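Read the figures in this text as sums done on the coordinates, not as results from a lab. Keep in mind that what you see is a predicted model, and the values were worked out from it rather than measured. Methodologically, a virtual Cβ is constructed for each residue, glycine included, from the backbone with ideal geometry; neighbour enumeration extends over all protein chains shown.
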Amino acid sequence: MMRNITILLAAALVISLPFIFRKPAEIRDWKPGDPTLVIISAHNEAIRYEFAQAFSRWHRERYGAPVKIDWRAIGGTSEIARYLAAESVNSFRAWWRNQGNVWPLGAGDIVLDRRFATRPPPEDPQERPTWEILRDIHTQFRTHDDAAKFGTRIDLFFGGGEYDHSRAFGQGLTVAPWAEGEEPPGLFKSEDGIDLIPAYISGEIWRTPTLFGNAVSTFGICYNIDRLKDNGVDIPPSTWDDLADPVYFRQLGMADPTKSGSVAKAFELMLHYKVREAVNAAGFTVEQIEKFEADISKARLPPGELPDHVPAEYQRAIEKGFLNGIRMIQLIGANARYFTDSSSKVPIDVSMGNATVGIAIDFYGRFQAQVSITPDGVERMKYITPFGGSGVSCDPISLLRGAPHRETAIRFIEFVLSEEAQKLWTYRAGTPGGPEKFALRRVPIRREFYPSENPAIQARHEIHQQYAADDLADPAINPYALAEQFIYYRRWTGGHFGILRDLIKTMCMDSSVELKAAWQAIIDHGGPEAQPEAMRLLTRLPDTPVPFDWKNSMAVPGERLDYMRAWTIFFRNSYRETRAAVTPKTTSKAQSQDLKPET
Amino acid sequence: MRAKISWIIFIAVSLIFGFLFLAPLWMVVKGGFVEGGQFTLKYLVGVFRNPVYLEGLTNSLLIAIGTSTLVTIIAIPLAWLSNKYDFPGKKLVSGLILVPMILPPFVGAIGFQQILGVYGGFNLALGLGPVDWLGKLQYWGVISLQALALYPIMYLNASAALANVDPAMEEAAANLGCRGIKKFFKITLPLIMPGLFAGGTIVFIWSFTELGTPLIMNYTKCASVQVFDALKEIGTNPFPYALVCVMLAMSVSLYLIGKFIFGGKAYAMQSKAATVAGTKNARGIKGILVLAPFVLVIFVALTPHLGVIATSFAAPGSWYQSILPQEFTSANYIEALGHTMTVSSIRNSLFYSVLAVMFNTVIGIAIAYVVVRSTIPFRGILDSLAMLPLAVPGLVMAFGYLSISSYLSNQDWVKDQPFWQNLLDVRTNPTLFLVIAYAIRRLPYMVRSAVAGLQQTSVTLEEAAANLGANLWTTLRKITIPLIMANLIAGGLLAFSFSMLEVSDSLMLAQREDFYPITKTIYELFQLIGTGKYIASALGVWAMMFLTVTIIGSSLILGRKLGAIFRV
């Protein structure tokens, strides 16, 4: 009996704990009948909380009523993208059928097909009627924007990457909130014509008629100070090249480019950085490059062909830099401990010392470095942005097709882009105009937050600087300063964005066991300098279906599944041969057999 | 009469299963079989032509074999000792031995890394220097971690089976000169085989398809992680769906092979452990010797849990290059338990899980009844089908339920009716789908436990009841269910605990804060940059405490040890 009472008491105590700690519910002035807004978002709870509070306040001041935001959180960006796509097709199909129309097999894929309109109609006249129905389906979906007809019953898609929002637009899921020229004045440009939110900056899209970047992020390097010491590294890594150093073998935390558009973009920009390096090394000046590229773009020749006065060495330098970049990524991949899709994993691992260095998003890196300071104030982790090697990508918001609360949704977009809301990203908690509870420590997109030669903007910057959690004048934080260091030419690497993912997947991820074994063998026998032949074998690139180089890789023929399988097999064999080519040089045969295979 | 009822149950259960499991599954995996409106086997064939996927499947199989072997080595001796001896501290350890299976998601990995990481407590305590265990021992790490989390399933089933063994059988063997080890292998083992098979298949299929552990260990070369990776890829990739189907087919085949080898013969006992004779008293040194293996296993298996507990009390940044945090705080608890999401999410989780277990109990008994007690053809299919949910990745099922809900909620009869919207549209209210998702995902435990119970119980007792005029319902209520109660409680506890810790369905189906279950709240807290892992750990510890009290409490209240409740 006593025992049973003890158990029940223990159970009661456990269950009552949350009730004891529960904070009184916040008094909200929202009442039924006031506007609501449905937002699907990958942002964390802190961001959701601050924006909901601030928007409701802003809305009440301007329009007289508070707004309740009904947040939908279903996981990461890839889940959101899938969900929106499936939801749109389902609601559209129901509407389409309700009108007595036929829904042919495979129509579900056509609704969202970005390239449907670019493909010619089928030649076979028998296929023509079905194709016409499919064409109607495709256009009807894109010409309606009315919650009463169909839609996801969600108003806004907030957060994620530019890639995801551009893709959603291509699928017809998002629409423009404002007709061209009817954007709220002062939102994107100042009265004197200064871009306050540029549309395009150093190779990155920040704003289109349907997607609006509101915070920006860069990829950089974070490292654990103690692990560097343990490894005997005196100079911390500062460039992407440093990550290919054998000293970091199996100690590098990597972000996975196949699961995130922003990570894939970061890898493309690493390539771009190596191309720039090669072009500089070949002796071409900034002005020459500018002129050559302008001429090439004017001449509209097929990729790789040049107008007469552009020297062939210039193009050769680009192609060489491209291959250098691929090799650098390959060796970084060989050092990788893992490739992860979780943005927080790398900085957490580095802060704990499980990884020595890692590639991470800036605000995660900085935030983690700060909370990792020991109680007695000792730093153990640092985040740096590699100089001239990182683009600045944006975190957008888009209006969804068939938004049920369209008017309020457009107000929310306007709010998020306003200087007032941008303070939430960067101000310290509790500062005037800043977030109530959480310092979000993200980098706002608007120009007014950063130093400028324009006195009006500079004055705004100085006000913001007082309350910001990070130093907005720091050139490693200021996105406009970062962008200046990084002049982007789309022609150099823009056409390789997609194929680079496939290459990294086959070259580094699916063949990681063989790659690491080969790299280990090289490291164990004197390193890359001592093993030139092995390095040559290691860095070979596939010959099928076409030799992998700057030009061919822009349009690899054949089915993706087929060439990816061929590449995986190629790299695995290549790495095995590399490993076999290493051992005889410095060790006897008997010793080489002792080398245990990797598991 | 009996055959007719069996058929009715068979058809009803198959329909329920078809609608609630196969239909949502097909909504998703059809992506791997349809291209441009045409059926294709291209991707299925592609799985077998691609060395990467073949390697993944092989590694998954090796993980399953390794894990099951380790689980057997850990669980059976413990179950046997516990059944055989009374020793000091037995009550406590019999409960604690089950606790390792309740590691909360997300923060469990962190706790584990705090201990086994390069600068973790393990290396420091033993003075090993910065050894990267998690990076090095990937395969062994995965199977050890899995075995230490999954052995309770085997232990529960083995204990329930041992409790059902009639000591008269063993006494008879001993009288005839069969003693010790020989008696165990000749008499006891065959008698408890249904229970071992029940536990073993769950552990095997579970570890074959387990995702969380390989992800923690960064072991990507196994099928479950490949499916996960491909599902998360930007752009569309039809391979994960084909791969899921291959995994399903392999799981069923492995299950059938196992059933053929181990589950073929079940010996039912006429009387059901009517005497208390089984246990001997172990005191003094002997008692300590019996207790030692329990303490050792519990201590090792609870390492990640201890890591989570210490993290939850650590001041941010204070646990680094030290065996324990250097500065403790209760602020994480105040933040986590005081959060507006917390109380409602606890209530939601309890509600969803209890409903799911109730659903499972009914369906589980129905399936077990048809499988064991009827002679209708195809009953074997139902038996194998009921194992399938174990083999499908949670993410795939979550997408499946979302698609079904999305399909239904766009029908006119749902759209304009608040009642149907509340029931069928996860955007309005995900309760029904979450309960179904939890129930279906955890159905295999219940079915296996109930089947094992029925197999061990002689049908003659039910026949006697029928002879005395009891109808099927009365027999079931008065005879069958009480006889297999130990098994049902074992299965129910597993189903309940894992429902409380269910991840993928919870993350995707509960889209609005009012409906978040506790796992989603842990996830949301974990996402807070910087301090998230500390705050989420605090809530994770609360969840562990709650489940520990539930498990130990039911084990203590229900009897001297779980599964022996009908002996006294």
| 21 Å Cα-Cα threshold exceeded, pairs from A:LYS265/A:LYS298; A:LYS516/A:LYS551; A:LYS345/A:LYS505 | A:LYS265/A:LYS298; A:LYS516/A:LYS551
| field | Out-of-range pairs (alpha-carbon distance over 20 Å; input B:LYS30/B:LYS520; A:LYS149/B:LYS30; B:LYS90/B:LYS286) | value | B:LYS30/B:LYS520; A:LYS149/B:LYS30
| said: Percent of Cα-Cα pairs more than 19 Å apart in segment A:1-141, please. | reply: 72
| For the residues A:PHE363, B:PHE39, B:PHE122, what sequence is obtained by ranking on other C-beta atoms within 10 Å, fewest first? | B:PHE39, B:PHE122, A:PHE363
| request: Give, rounded to the nearest 20 debye, the magnitude of the charge dipole that segment A:82-143 has about its Cα centre when Lys and Arg contribute +1 at Cβ and Asp and Glu contribute -1 at Cβ. | output: 260
| message | Charges at C-beta only: +1 for Lys and Arg, -1 for Asp and Glu. How large is the resulting dipole of chain B about its Cα centre, in Debye rounded to 20? | response | 1800
| request: Determine the shielding of peptide B:311-323 by partner chains: average, over its residues, the number of Cβ atoms on other chains within 10 angstrom of each Cβ. | output: 3
| said: I want to make sure I understand the PRE zone here: with the label point 7 angstrom from the Cα of B:ILE381 toward its beta carbon, which residues in segment B:441-467 have backbone N atoms less than 19 Å away? | reply: none
| Per residue of A:69-80, what is the mean number of Cβ atoms on other protein chains within 10 angstrom of that residue's Cβ? | 5
| task | Set the Förster distance to 41 Å, then compute FRET efficiency between A:ILE5 and B:LYS415 from the Cβ-Cβ distance, nearest 0.05. | result | 0.20
| task | Please name whichever of A:VAL392, A:ALA483, A:TYR563 sits farthest to the positive end of the charge dipole of chain A, dipole taken about the Cα centre and charges placed at Cβ: Lys and Arg +1, Asp and Glu -1. | result | A:TYR563
| remark: Rg/Rh of segment A:341-474 (Cα atoms, Kirkwood Rh), to two decimals, equals 1.02
| Peptide ranges A:188-198, B:49-59, B:497-507 listed from the most packed, as the mean C-beta count within 10 angstrom indicates | B:497-507, B:49-59, A:188-198
| Which of the helices in chain A, when you take each full DSSP H run, stretch at least 27 Å along the axis at their Cα atoms and have an average Kyte-Doolittle score of 1.6 or higher? | A:2-21
| task | Return the distance in nm (one decimal) between the two label points of a simple spin-label model at B:TRP7 and A:ARG97, each offset 7 Å from Cα along Cα→Cβ. | result | 3.3
| said: Test of understanding: ordering B:THR480, B:THR40 by Cβ neighbours within 10 Å, fewest first, what list do you get? | reply: B:THR40, B:THR480
| Cα Rg, Dmax (largest Cα-Cα span) when computed across the protein assembly as shown, Å | 31.3, 106
| remark: For A:216-229, B:329-342, ranked highest to lowest by mean beta-carbon neighbours within 10 Å, the order is A:216-229, B:329-342
| Can you give the mean number of other chain Cβ atoms that lie within 10 Å of the Cβ atoms in peptide A:40-46? | 4
| Rounded to the nearest 0.05, what FRET efficiency is calculated for A:VAL247 and A:LYS23 with R0 set to 45 Å and r the Cβ-Cβ distance? | 0.40
| field | Net +/- balance of residues flanking A:LEU211 in space, Cβ distance below 13 Å, scoring K and R +1, D and E -1 | value | -2
| message | Between A:LYS298 and A:ALA199, what's the calculated FRET efficiency when r is the beta-carbon distance and R0 is 22 Å? Round to 0.05. | response | 0.50
| query | Taking a quarter of the surface of the Cα convex hull of segment B:196-262, what do you get in nm²? | reply | 4.9
| query | List the GluC sites (Glu not before Pro) in segment A:490-586 that DSSP assigns to loop (not H, G, I, E or B) and whose Cβ has at most 14 other Cβ atoms within 10 Å. Which are they? | reply | A:GLU559
| said: Run the Debye formula on the Cα coordinates of segment A:262-418, all scatterers equal and no solvent, and tell me log10 I(q)/I(0) at q = 0.15 1/Å. | reply: -0.96
| Under a Cβ-Cβ cut-off of 12 Å, what is the net charge of the residues other than A:GLY433 that fall near it, where Lys and Arg count +1 and Asp and Glu count -1? | -1
| remark: For A:LYS23, counting only aspartates and glutamates whose alpha-carbon sits under 20 Å away and dropping same-chain residues fewer than eight positions off, the answer is A:GLU45, A:GLU50, A:GLU436, B:GLU335, B:GLU513, B:ASP514, B:GLU524
| request: Could I have the simple spin-label model distance between B:PHE328 and A:GLU132, label points 7 Å from Cα toward Cβ, reported in nm to one decimal? | output: 7.9
| request: Subtract the Cα-Cα distance of A:ALA429 and A:ASP474 from 0.36 nm times their separation in residues, and report this length gain in nm to one decimal. | output: 14.1 nm
| said: Test of understanding: ordering B:TRP26, B:TRP80, A:TRP492 by Cβ neighbours within 10 Å, fewest first, what list do you get? | reply: B:TRP26, B:TRP80, A:TRP492
| query | Rounded to the nearest 500 deg cm²/dmol, what is the calculated helix-only ellipticity per residue at 222 nm for chain B, with -39500 (n - 2.57) per DSSP H run of length n ≥ 4? | reply | -21500 deg cm²/dmol
| query | For chain A, what is the convex hull volume of the alpha-carbon atoms per residue, in Å³? | reply | 253
| said: Let me test this: with uniform point scatterers at the alpha carbons of chain B, what is the Debye-based log₁₀ I(q)/I(0) at q = 0.12 1/Å? | reply: -1.27
| note | In Å, the Kirkwood hydrodynamic radius from C-alpha pairs for segment A:313-355 sits at 12.5
| Normalised alpha carbon radius of gyration of segment A:145-289 [divisor 2.2 N^0.38 Å] | 1.44
| message | When only alpha-carbon atoms are used, what values of Rg and Dmax, in angstrom, describe segment B:1-109? | response | 22.9, 68
